[in-house]
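Novice: One structure follows; several queries about it will come next.
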Amino acid sequence: MSSPLPRLSIAALSTPNPKMLRRFAAAPVRFRYPTMMMSSSKTCESRRPASLEAVSEAADLREFLDYMERLKNYEMVGVPQGAGTDTDEGFDLGRMRRLLGRLGDPHKQFKVVHIAGTKGKGSTSAFISNILREEGYSVGCYTSPHLLSVRERISVGKSGNPVSAILLQELFQEAKGILDQLIIKENEALSHFEVFTALSFLLFAKERVDIAVIEAGLGGARDATNVVCSTELATAVITSIGEEHLAALGGSLQSIALAKSGIIKSGCPVVIGGPFESHIEEIIRHKASLMKSKVISTCDPGIQKTSKCLTMGKDEIPYQTCDIQIQMHNLQSSITLSNVKLHLLGIHQLQNAISAVCTALSLRDQGWVISDKSIRVGLEKTRLNGRSQFLTQREILRIGLSDVNILIDGAHTEASAKGLVEVIKMAHPHGTLAFLVAMASDKDHLSFAKQLLSAGRPELVVLTEVKIAGGKSRMVSASVLKDVWVKTSKDLGMDFVDIGIIDDDKSEKEPNCKKMMLATCKSTSIIDSIKHADQLLKSRSKDHPGLIVVTGSLHLVASLLAAIQK
């Protein structure tokens, strides 16, 4: 299918820029950019069992992963104060532009939907990407973080599958010479995220995608993805504004809003999610006014949305049935969708779906062919591991449990905890409830606990530990987390009993009372932690299956999914 990109002719796509050739002539590595095309066997996912796939990936990507591990990884060590602000302390976008310049400015070869926001970026990115793929476009999608494999951060083409290990390794080998040079030239300041972002842009250009959906990593103004100019930007999207990474983004909601609005470009429309506090929305609208950018608000009176019911699908995956109607004065296009089956659950996910639909309508107004049917099917096909995900009974049996429901969700902020509570109330209004929680040290543990306890009194809360991005520097201890939950329970006037550390020898010491149990579990096995929680939960009620909610960190969710695969 042809793409409505008047600035990129077929000749322009198939013929390297002369400046680009001069750059590569000076480099020790010979690129074939942008004409190199990979065979379908390399761009498609294999059908091997998960365990064999993991072994193969480790072998195919060993050199790449080792190389990336030597780079500074802020996901592992934490983001410095002020890093995401437009100040002298902020991340250096000049460094990112110099890297991309040496790679031939691949980010200038395709149109972009750029997405920023405190929460909802990943879901909105997935919705938009699937809508565009359903229409037949070749789509690049770049998101972070990943759950099980770094390959999940990049998808390319019409399938939506993660980039193959072989293709990613080949891409790295071609870029390695330039990366080596730039790391030395930049005094080893190039970060893991900057290099991965550059490689994703390079791959999208090589594969000649029609459009790329790019998720900002931190903030917006100084994020490594914010090298996209108005000539490449099709639509910007700002999903939400919250207090996550407060210190790194200036210390206030206002400074965070300023950072996120940094992705707005001159003359390019911006879709805003929310709902935002009035003074926060005003900051975004003021920036859009300065840039002469049309604002498309998902909270406009012309948008009607309803979540009607929750249904269990034949594949044991629940979905919410929703109605969506959009007819706005600043959009030429309108749409009415009845009984849309969203597999991402909760009102917050319906809001993310609305952001995606508004983005699709914005693109349609610009000349992109996107049918109502593609929008519906794209929404309905979207599923994300670790976001309001109920494990199937087969997966539960694989970890040695039965007669229990398990919900996993990577929520780790006050807002995302509130969304998780909505899902719990929707899917499990009655019956016993347990939380298994681990978090990073730089999160608002108190607000998170307060939101989850508002779901109603759980029978059990187990606090545990998880490595963050493979390291311990941002890991918070289970005992520190329990202190937070003790304080929160007291503040809310809830009766509870501290049953201490649970393990194989002590998991039967549950007191004979009806108070909420608080416990810590320091087992290195996520499966052991869930089994202890299940045993204690069943001691309260054996008549109906209880619900164990695993949450607090995507890294905790990832550890469970990895254990299931094994």
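The values are calculated or read from the model by the stated rules, or taken from the named source; none is laboratory data. Every value quoted in this text rests on a predicted model; they were computed, and no experiment measured them. Cβ atoms come from the backbone with ideal geometry, glycine included; neighbour counts cover every protein chain shown. With ligands, DNA and RNA removed, areas are computed over all heavy atoms of the protein, side chains included. Shrake-Rupley method; radii C 1.70, N 1.55, O 1.52, S 1.80 Å.
Novice: Between K514, K506, K542, K522, which is within 21 Å of A455 (Cβ to Cβ), of a type outside the set (A, V, I, L, M, F, W, C) and at pLDDT below 85?
Specialist: Result: K514 is the single residue among K514, K506, K542, K522 that is within 21 Å of A455 (Cβ to Cβ), of a type outside the set (A, V, I, L, M, F, W, C) and at pLDDT below 85.
Novice: Follow-up. Name every residue in the stretch 72-109 that is within 22 Å of the chain's Cα centre (by Cα), surrounded by 18 or more Cβ atoms within 10 Å (Cβ to Cβ) and in a loop (DSSP other than H, G, I, E, B), in order of residue number.
Specialist: Across the stretch 72-109, the qualifying residues are G78, V79, A83, G84, T85, F91.
Novice: Check L379 against each of (1) more than 23 Å from F127 (Cβ to Cβ); (2) crowded, with 21+ Cβ neighbours inside 10 Å and name the one condition it does not meet.
Specialist: Going through the list (1) more than 23 Å from F127 (Cβ to Cβ); (2) crowded, with 21+ Cβ neighbours inside 10 Å, L379 breaks only (1).
Novice: Look at I354 and say whether it is touching a residue at least 40 places away in the same chain (Cβ under 8 Å), under 23 Å from the mean Cα position of the chain (by Cα) and open to solvent by 40 Å² or more (accessible area, probe 1.4 Å). Spell out how you get there, then give the answer.
Specialist: On the way: touching a residue at least 40 places away in the same chain (Cβ under 8 Å): yes; under 23 Å from the mean Cα position of the chain (by Cα): yes; open to solvent by 40 Å² or more (accessible area, probe 1.4 Å): no.
For I354, the condition - touching a residue at least 40 places away in the same chain (Cβ under 8 Å), under 23 Å from the mean Cα position of the chain (by Cα) and open to solvent by 40 Å² or more (accessible area, probe 1.4 Å) - is not met.
Novice: Return the pairs, sorted by first residue and then second, in which the second residue is open to solvent by 10 Å² or more (accessible area, probe 1.4 Å) and of a type in the set (D, E, K, R), the first residue lies in the stretch 203-227 and is closer than 20 Å to I128 by Cα and in a strand (DSSP E or B), the beta carbons are less than 7 Å apart, and the residues are 6+ apart or on different chains.
Specialist: So the pair list comes out as I211/K111; E215/K121.
Novice: May I ask you to say which residue of K292, K287 is part of a helix (DSSP H, G or I), touching a Ser or Thr at 6+ places or on another chain (Cβ under 8 Å) and among the basic types (K, R)?
Specialist: So the residue among K292, K287 that is part of a helix (DSSP H, G or I), touching a Ser or Thr at 6+ places or on another chain (Cβ under 8 Å) and among the basic types (K, R) is K287.
Novice: Looking at S477, S473 in this structure, which one is at pLDDT below 90, among the small types (G, A, S) and either open to solvent by 60 Å² or more (accessible area, probe 1.4 Å) or under 24 Å from S553 (Cα atoms) (or both)?
Specialist: Answer to the selection: S473.
Novice: Go through the stretch 242-271 residue by residue and tally those that are aliphatic (A, V, I, L, M), in contact (Cβ under 8 Å) with a residue 40 or more places away in the chain and open to solvent by less than 30 Å² (accessible area, probe 1.4 Å).
Specialist: 6
Novice: If you don't mind, another one. Test S289 against the stated conditions and say whether it is out of contact with any helix residue (DSSP H, G or I) (no Cβ under 8 Å at 6 or more places or on another chain), without any contact (Cβ under 8 Å) to a residue 12 or more places away in the chain and open to solvent by 20 Å² or more (accessible area, probe 1.4 Å).
Specialist: For S289, the condition - out of contact with any helix residue (DSSP H, G or I) (no Cβ under 8 Å at 6 or more places or on another chain), without any contact (Cβ under 8 Å) to a residue 12 or more places away in the chain and open to solvent by 20 Å² or more (accessible area, probe 1.4 Å) - is met.
Novice: So for the stretch 183-193 (the condition being buried (at least 20 other Cβ atoms within 10 Å of the Cβ) and either of a type in the set (F, W, Y) or in contact with a His (Cβ under 6 Å, 6 or more places away or on another chain) (or both)), does at least one residue qualify?
Specialist: yes
Novice: I'd like to know if the stretch 366-373 contains one or more residues that are more than 22 Å from H428 (Cβ to Cβ) and among the charged types (D, E, K, R).
Specialist: yes
Novice: If E380 passes every condition in (1) over 26 Å from F276 (Cβ atoms); (2) in contact with a His (Cβ under 9 Å, 6 or more places away or on another chain); (3) assigned to a loop (DSSP other than H, G, I, E, B); (4) not β-branched (V, I, T) but one, which one does it miss?
Specialist: (3)
Novice: Shifting gears a bit: If a residue must be crowded, with 19+ Cβ neighbours inside 10 Å and either small (G, A, S) or under 18 Å from E414 (Cβ atoms) (or both), how many such residues does the stretch 229-241 contain?
Specialist: So the count comes out to 5.
Novice: Inspect the stretch 393-406 for any residue being without any contact (Cβ under 8 Å) to a residue 12 or more places away in the chain and open to solvent by less than 10 Å² (accessible area, probe 1.4 Å) and give the result as yes or no.
Specialist: Scanning the stretch 393-406, I find at least one residue that is without any contact (Cβ under 8 Å) to a residue 12 or more places away in the chain and open to solvent by less than 10 Å² (accessible area, probe 1.4 Å), so the answer is yes.
Residues checked against (1) under 17 Å from H114 (Cα atoms); (2) open to solvent by 10 Å² or more (accessible area, probe 1.4 Å); (3) touching a Leu at 6+ places or on another chain (Cβ under 7 Å); (4) in a helix (DSSP H, G or I):
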site: F276; (1), (2), (3), (4): no, yes, no, no
site: T306; (1), (2), (3), (4): no, yes, no, no
site: I324; (1), (2), (3), (4): no, no, yes, no
site: S333; (1), (2), (3), (4): no, yes, yes, no
site: H348; (1), (2), (3), (4): no, yes, no, yes
